1. Which angle from 0 to 90°, rounded to the nearest 10, does the C-alpha axis of helix 47-56 make with the longest principal axis of the chain?
2. Can you give me the accessible area per residue for the chain, using a 1.4 Å probe, in Å²?
3. Taking only Cα atoms, what is the 0 to 90° angle, nearest 10, from helix 59-69's long axis to the longest principal axis of the chain?
4. How big is D for the chain, in µm² s⁻¹ as a whole number, if Stokes-Einstein is applied with the Kirkwood radius of its Cα pairs at 10 °C and 1.306 mPa s?
5. Residue 20 to residue 63: extension gain in nm, 0.36 nm per residue of separation minus the Cα-Cα distance?
6. I want to check a number: in the chain, how many lysine pairs have alpha carbons closer than 19 Å, given a sequence separation of 8 or more or different chains?
7. If I take R0 = 22 Å and measure r between the Cβ atoms of residue 32 and residue 8 in this structure, what FRET efficiency does the formula 1/(1 + (r/R0)^6) give, to the nearest 0.05?
8. Determine the share of the chain's accessible area contributed by carbon and sulfur atoms, expressed in whole percent, with a 1.4 angstrom probe.
Amino acid sequence: KGGYPCLLIGCDHVADTRANLGTHFLRLDHREPEYACEGCPKRYTRADGLKKHSERRSLSCRYANEKSAK
């Protein structure tokens, strides 16, 4: 079966679509995280990761991230 292999040295991931390969490149081990939780030390490479974290974690994380987004 074909696919879209990750071309970074040492990564053997093969995505089923080009879009999924683009999402794969945003992984923590492929780039520096630029989205930081204001309520704890966690950091994410994608905004949706921080949003999911804020929705699932403690009220302090949720409140801190809502406050910083305004």
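1. Helix 47-56 sits at roughly 50 degrees to that axis.
2. I get 79 Å² per residue for this part.
3. So the inclination is approximately 80 degrees.
4. Rounded to a whole number, D works out at 117 µm²/s.
5. Answer, rounded to one decimal: 12.3 nm.
6. Number of lysine pairs found: 7.
7. Approximately 0.95, to the nearest 0.05.
8. The value for the chain is 53 percent carbon and sulfur by accessible area.
The values are calculated or read from the model by the stated rules, or taken from the named source; none is laboratory data. Note that the structure is a prediction, hence the values are computed from the model and not measured. Every residue, glycine among them, receives a Cβ derived from its backbone with ideal geometry; neighbour counts consider all protein chains shown. The accessibility values were calculated without ligands, DNA or RNA, using every heavy atom of the protein model including side chains. Shrake-Rupley method; radii C 1.70, N 1.55, O 1.52, S 1.80 Å.
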